[in-house]
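Structure, as structure tokens:
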Amino acid sequence: MTLVLRMIAQRLALGLLTLFVVSLIIFGATELLPGDFAEAVLGQAATPETVAAIRRELGLDQPFYIRYVDWLWGAVQFDFGSSLAQRGRPVADMILGRLGNTLFLALYAAAMAVPLALMLGILAALWRNSLFDRVTNSSALSAISFPEFFVAYILIYILAQGGWFPSMARMPASADLGEKLYRSFLPALTLTLVVTAHMMRMTRAAIINLLSSPYIEMARLKGMRPSRVIVHHALPNAIAPIVNVVAINLAYLITGVVVVEVVFVYPGLGQLMVDSVSRRDIPVVQAVALIFAAAYVLLNLTADVISTLSNPRLMYRK
Amino acid sequence: MGFLVFLFWACVTLAAAIALAWGFRKLAAAVTKGEMHRALRDAPLTASFGMMVIAIYLIVAILAPVIAPYPERMIVSTQFQPWTAEHWLGTDALGRDMFSRMVYGTRNTVGIAFATTALAFLIGSVLGLLAATVGGWLDQGLSRLVDVFMAIPSLIFALLLLTIFGTSILTLILVIAVIDSTRVFRLSRAVTEGVVVMDYVEAARLRGEGLVYLITREILPNVTAPLVAEFGLRFCFVFLAISALSFLGLGIQPPTADWGSMVRENATLITFGDITPLLPAGAIALLTVAVNFVVDWQLYRASGLKE
Amino acid sequence: MSDKDILLDIKGLKIEGKAGDDWLPIVNGIDLTLRKGEVLGLIGESGAGKSTIGLGAMGFARDGCRISGGQILFDGIDLRKASADKLRRLRGKRIAYVAQSAAASFNPAHKLMDQYCEAPVRHGVMSRAEAEHDAVELYRKMQLPNPEEIGFRYPHQVSGGQLQRAMTAMAMSCRPDLIIFDEPTTALDVTTQIEVLAAIRDIVEQFGTAAIYITHDLAVVAQMADRIKILLRGDEIEEADTRTMLAQPKHDYTKSLWAVRSFQRETQAAPEGQPVVSVRGVSAAYGPVRVLDDVSFDIYARRTVAVVGESGSGKSTAARVITGLLPPIEGEVLFEGKSLPADYRQRTRDQLRHAQMIYQMADTALNPKLTIRKLIGRPAQMYLGLRGKALTERIRELLHLIEMEPDDFIDRLPSELSGGQKQRIGIARALAAEPRFIICDEVTSALDQIVAEGILRLLDRLQGELDLAYMFITHDLATVRAIADDVVVMQQGRVVEQGTKAEMFAPPHHPYTELLLSSVPEMDPDWLTHLLEKRSKQGMPAPGAI
């Protein structure tokens, strides 16, 4: 048991270390900026005096490591400095409401996608090579191949034109949960379709791999019912692979969310990031990138810990 | 109503696709011989459909100037013209011929995605082969570096780098290639590790063979098959990533004709019930589906032969 | 025999396997009858279809296989016509199965006891409490250590030999009428194998269970079976009761199986001059784990040193030290009196050339993408500088040497060869370097016995013709007897005994050598009985306690 705790502690430490290095990359990447941060802000019209002034204001006259430590220390307290594009506005303010919206959308999509994908994946694996398997597999393969914006626009074309669902997902702060769910249904559905396809295929592969193991054959040869073979013999061993599949795909949601938010003009972090990239508002981009990366690292970490806990080889040593 | 129309056209398209795929398989099997002939003859319809689509895209990309009725960037009419005999798919937000831009888009979008994938493969597979063959600190160093890079979601990383380096086609290719090469590295390293532990590689090492001989003669021939399949998959990812960036306005920049940005520029039409902006998006989807179908078939064949 | 006694009656059983889009026959019409309480041995080399028949006797075919013809009557029930549900009720309850790899066949997520109780409880034979009580009884009968407690462990917490016994106990849980044993001891070391064999035989006798015992090892089946059926590529060769079969095999194929154990090379002259290779006080470790401890032995020209031991004894590690793959932490390796650099990367081309290696698995030892011309040609080209016509000539010469026709084989790929032919190419590749010394790492253990015999004879002939020194790594004492001049016995990284073959096989022995020697099954059907009697008289530890 202590060994498991040690392993989990190790994973956590590794996750923290990864986050640290990621933050270093995200911050350090701006050092690669051709020319200077300050020049980038002011554009071509910069005079040497204004450049010098802004350098002081942004602390660019400090050496790299001091700026990094300052930034990181701020980030830990959810203070990301102020925006370049909207001078003086704290980045944290811009992020706060949007972070909630994005999380809401991701959870909404996940709540639909995970059960659907696991069910389809398991059924396809059980009825391998059946018509059901072939159809779901081909559809999933197609869905994976569709760009998110294609899926989004098809849904808009079909579902929003008839006026069933709004194609613009504005989220007034006053809206209650039902209203929110209704307004963000199309973006959530888009994400669900794309993620389900990936997740279903991976689940299917994981289960098929599992079902070919000798202990499953043994359970059959012991005369166990097919349902018991699945529930009692396959599922306990499937936790680790399935958790990994889920984690990988939830992480994929992070990427999908950016495009989908833009299509539906959904006020989330993804939109903010895209806008900030085109405005070259570097502090905002850094902050959002760090949040997305942290979510990604955290997801993988959780999956890791759950798989460790589900493995009797690690839980009970010799 | 919209839904029923959609369903109808979906069925018609599916039927046409099946018929075409069947015809293409007959044709392909008729003009080939030997092992190739056998493989093509027994290929599933999905795969022959995929090969047909890829072939068509290739032809269009190569012959773009011949096929397109108007030049890529010329404003030929007023904006948002409907479909006419003159402008088959109407005109875009600036009054350029939509069909011609679709045709040129094949060349631009697919070409850039292909170049990017090739570059990603060159970087990723060379480093992966080296890391797994040499081992030791080189392997450790590269693997940890890749781990860290992969801890940042690729689209987010791409956005970050594009903010910094700006959005030109060259930076786009370089940025996406570098990010994607981490995935290629992972795979090629894993595949190579499976080969490196083989006794024949040990025998070659004990014979005193050099690194170049080891990699080119003993290892490479045994990892090509999975790497080729991976190339198809990676191409799909790169293609989708570049399209997504272009759609976001951060990838291939106007006035270059490109499918992702064409969707973005003309998206407003969709809310008015005009499906024209969906066509470039559909073109992206169709090619990705096609490549996926072919890769799936190849992977299935490889696993089937092994058993 | 009366019909009432017949438990299993199989007629004209045909099973096919899927290869691509075609169905190929695996079993072509086998008849098999088994009376109550009788043990039938199914013997055959790889590809004989024996496991497929074993599963077929349960009305079961693996994915990608199908039963395509014949009739399977179990106690009057036609298994081919029975519904899936009816079959399910028979399996585990009246017909049980013991798989080759217990480690893979126990579900890693559940304790042994839960897996034991599953069949009796689910089939309604007894309650959970009764089943648990019964399990402890059977574990005790199977001579498992701590029978009260062992059931509450997970499979990974139990050793291979114990797991195999636990699996037999599990198969017995419903007191079935028939058990299929599918190579239950093949994956075990000889000293462990004997415990499992004894336990299985005991329990089958006690409960009067009928069994089909599948194996490729004649000596093992001689201990276990009342009758033996010999299979070759899905066909029956012959069947007789065990003693008759051992004494008077009728068919030529059977006779050839019997004869392979007879090869023994001539006694060589005593060693002269300095040894080709000397291992001096070598210790080696993987990380902090010491796997070799002060190992020394010499290998002379025209002589074969057999290094014998069970898995984990360090015999393969010794080879890795000699070849320079694993530099030792102490000691050194001398080649013709001169010290060799510890790491192969520091050795000269000539030093590398003179120590060649032949591997156990010819499949992984030959690059599947290179033709035989390239495989054999490369060392000759590299070490001896042969090019063009001279190189082709040399390759042809080498192929003649290993008794393969150059014109037929020179441009083939390894996938176009049989297992034995691949191993011959492995030998030719070693010879192409014109070495003084060859390490043979379990070169015959992946091969069928007749093929293995051919390889041993070939190696013996080559040694005489080319003045070679061999180091022969093996776990199989029959191979040692056939080919060795000197023997080194290893256990847990140490040399426990060494000497000439004559010294080794004649008493007095080191206790471990004694255990090893006495554990090798012999063709005598009474061997196991006698051995167990002898061991209990001498007060050797009971099998379960090891």
Task: Total formal charge among the other residues, if their Cβ is under 14 angstrom from that of B:E35, Lys/Arg +1 and Asp/Glu -1 - done: +3
- [ ] Specify whether the C-alpha gyration tensor of chain B places it in the rounded, prolate or oblate class, a ≥ b ≥ c being the square roots of the eigenvalues: rounded for a/c under 1.5, otherwise prolate if a/b is larger than b/c and oblate if not.
- [x] oblate
Open item on the list: Could you compute how much accessible surface B:D147 exposes when probed at 1.4 Å, giving the result in Å² to the nearest 10?
Closed with: 50 Å²
TODO: Could you work out the local net charge near C:P271, counting Lys and Arg as +1, Asp and Glu as -1, over the other residues with Cβ closer than 12 Å to its Cβ?
DONE: -2
- [ ] Taking the Cα centre of chain C as origin, work out the dipole magnitude from +1 charges on Lys and Arg Cβ and -1 charges on Asp and Glu Cβ, in debye rounded to 20.
- [x] 1140 debye
Task: 1.4 Å probe, heavy atoms, protein only - residues of the range A:221-235 losing at least 50 Å² accessible area vs chain alone - done: A:L221, A:K222, A:G223, A:M224, A:R225, A:R228
- [ ] Enter the accessible area of A:K180 (Å², nearest 10), with the probe set to 1.4 Å and all protein chains included.
- [x] 60 Å²
TODO: Can you pull the one-decimal nm distance between simple spin-label points at C:E514 and C:T186, each 7 Å off the Cα toward Cβ?
DONE: 3.4 nm
TODO: With r as the distance between the Cβ atoms of C:R457 and C:R66 and R0 = 60 Å, compute the FRET efficiency 1/(1 + (r/R0)^6) and round to 0.05.
DONE: 0.90
Task: Karplus-derived HN-Hα couplings along the range A:187-196 (A = 6.51, B = -1.76, C = 1.60, θ = phi - 60°), whole Hz, x at Gly and Pro - done: x, 5, 5, 4, 4, 4, 4, 5, 6, 4
Task: Inter-part distance where the range B:59-98 and the range C:402-444 are each reduced to a Cα centre, Å - done: 66 Å
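Compute the accessible area per residue over the protein assembly as shown, keeping the other protein chains in place, probe 1.4 Å, unit Å². Show your work: numbers first, answer last.
Values: 50580 Å² over 1171 residues.
Accessible surface, normalised per residue, equals 43 Å².
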Task: Options A:V69, A:S276, A:I25, ranked by Cα towards positive dipole end of chain A, top entry (Cβ charges) - done: A:I25
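Quick check: at a probe of 1.4 Å, how many percent of the accessible area of the range A:97-278 sits on carbon and sulfur atoms? Show your work: numbers first, answer last.
Numbers: 4580 of 6790 Å².
Summing carbon and sulfur atoms, their accessible area is 67 percent of the total for the range A:97-278.
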Task: Residue-averaged [θ]222 nm for chain C, counting only DSSP H segments that reach four residues, each worth -39500 (n - 2.57) - done: -11000 deg cm²/dmol
Task: Shape parameters for the protein assembly as shown, alpha-carbon atoms, Rg then Dmax in Å - done: 35.1, 113
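Could you pull out the pairs from C:K14/C:K422; C:K18/C:K369; C:K4/C:K81; C:K36/C:K86 whose alpha carbons sit more than 23 Å apart here?
On the way: C:K14/C:K422 31 Å; C:K18/C:K369 25 Å; C:K4/C:K81 21 Å; C:K36/C:K86 21 Å.
Exceeds cut-off: C:K14/C:K422; C:K18/C:K369.
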Task: Helical contribution to [θ] at 222 nm, DSSP H n ≥ 4, -39,500 (n - 2.57), averaged over chain A, rounded to 500 - done: -24000 deg cm²/dmol
Open item on the list: If I model a spin label as a point 7 Å beyond the Cα along the Cα-Cβ vector, how far apart are those points for A:R56 and B:D274 in nm?
Closed with: 5.5 nm
- [ ] Express the carbon and sulfur contribution to the solvent-accessible surface of chain C as a percent, rounded to the nearest whole number, probe 1.4 angstrom.
- [x] 48 percent
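Computed FRET efficiency, Cβ-Cβ of A:S130 and C:L413, R0 35 Å: what is it to the nearest 0.05? Each step should come with its number before you reach the end.
Numbers: r = 37 Å, r/R0 = 1.06.
Using R0 = 35 Å, I get an efficiency of 0.40.
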TODO: Quick one: check the C-alpha center-to-center distance for the range C:291-324 versus the range A:78-129, whole angstrom.
DONE: 60 Å
Open item on the list: Just to be sure I understand: if you take the accessible area of chain C alone plus chain A alone and subtract the pair, with a 1.4 Å probe, what total do you get in Å², rounded to 100?
Closed with: 2500 Å²
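Scan chain C and report its longest stretch carrying no GluC sites (Glu not before Pro) that are both in a DSSP loop and have at most 14 other Cβ atoms within 10 Å.
Numbers: sites that count: C:E266, C:E272, C:E403.
Answer from the scan: C:1-265.
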Open item on the list: If I model a spin label at C:K4 and C:A502 as a point 7 Å from the Cα along the Cα→Cβ vector, what separation in nanometres do I get?
Closed with: 6.2 nm
TODO: Report, largest value first, the span of the C-alpha coordinates of the range A:99-254 along each principal axis, in whole Å.
DONE: 59, 30, 23
TODO: Only helices at least 24 Å long along their axis, Cα-based, and averaging 1.6 or more on Kyte-Doolittle count here, so list those DSSP H runs from chain B.
DONE: B:2-31, B:45-62, B:111-134
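Can you tell me the FRET efficiency between C:E332 and A:Y65 if r is taken as the Cβ-Cβ distance and R0 is 45 Å, rounded to the nearest 0.05? Walk me through the intermediate numbers first.
Values: r = 51 Å, r/R0 = 1.12.
So, using R0 = 45 Å, E works out to roughly 0.35.
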Open item on the list: Tell me which of C:F409, C:F152, A:P226 sits at the most positive position along the dipole axis of the protein assembly as shown, charges placed on C-beta atoms (Lys, Arg +1; Asp, Glu -1).
Closed with: A:P226
TODO: Check each residue of the range A:293-318 and keep those whose accessible area, probe 1.4 Å, is at least 40 Å² smaller with all protein chains in place than in the chain alone; give them in order of residue number.
DONE: A:Y296, A:P312, A:R313, A:Y316, A:K318
Open item on the list: Tell me the angle of helix A:282-310 to the major Cα principal axis of chain A, expressed in degrees between 0 and 90 and rounded to the nearest ten.
Closed with: 20 degrees
Task: Listed residues C:L517, A:G256, B:L299: farthest to the positive end of the dipole of the protein assembly as shown (Cβ charges) - done: A:G256
Open item on the list: Give the lysines whose C-alpha is closer than 17 Å to that of C:K111, dropping any in the same chain fewer than 8 places away, or say none.
Closed with: A:K222, A:K318
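Using the Cα centre of chain A as the reference point, and only Cβ charges (+1 on K/R, -1 on D/E), how large is the resulting charge dipole? Debye, rounded to the nearest 20. Present the calculation step by step, with values, prior to reporting the outcome.
On the way: 24 positive and 18 negative charges, 344 e Å.
Dipole about the Cα centre, nearest 20: 1660 debye.
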TODO: Over both sides of the B-A contact, add up the buried accessible area with a 1.4 Å probe and give it to the nearest 100 Å².
DONE: 4000 Å²
TODO: Grab the DSSP H runs of chain B that are 4 residues or longer, score each as -39,500 (n - 2.57), total them, divide by all residues and round the 222 nm result to the nearest 500 deg cm²/dmol.
DONE: -24500 deg cm²/dmol
Task: Assigned charges on the beta-carbon of Lys, Arg, Asp, Glu; the protein assembly as shown dipole about Cα centre (debye) - done: 1440 debye
Open item on the list: I'd like the carbon and sulfur percentage of the solvent accessible area for the range B:71-302, probe radius 1.4 Å, heavy atoms only, ligands and nucleic acids excluded.
Closed with: 70 percent
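Shape of chain A from its Cα gyration tensor (a ≥ b ≥ c, root eigenvalues): rounded if a/c is under 1.5, otherwise prolate when a/b > b/c, or oblate? Mind showing how you got there, number by number?
Values: a/c = 2.86, a/b = 1.57, b/c = 1.82.
It comes out oblate by the Cα gyration axes.
Return a whole-number percent for the relative contact order of chain A, with Cα pairs under 8 Å and 6 or more residues apart as the contact set.
On the way: 325 pairs, mean separation 86.2, N = 318.
This gives 27 percent for chain A.
So between B:I18 and B:M74, what do we pick up on full extension, going 0.36 nm a residue minus the alpha carbon distance? Each step should come with its number before you reach the end.
On the way: separation 56, 0.36 × 56 = 20.16 nm, distance 3.70 nm.
Gain on stretching B:I18 to B:M74: 16.5 nm.
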- [ ] Count the net charge of all other residues whose Cβ sits under 15 Å from the Cβ of A:I66, scoring Lys and Arg as +1 and Asp and Glu as -1.
- [x] 0
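The values are calculated or read from the model by the stated rules, or taken from the named source; none is laboratory data. Nothing here was measured: the structure is a model prediction, and the numbers come from that model. In this analysis, Cβ positions are derived from the backbone assuming ideal geometry, glycine residues included, and neighbour counts consider all displayed protein chains. All accessible areas refer to the heavy atoms of the entire protein, side chains included, with ligands and DNA or RNA removed. Shrake-Rupley method; radii C 1.70, N 1.55, O 1.52, S 1.80 Å.
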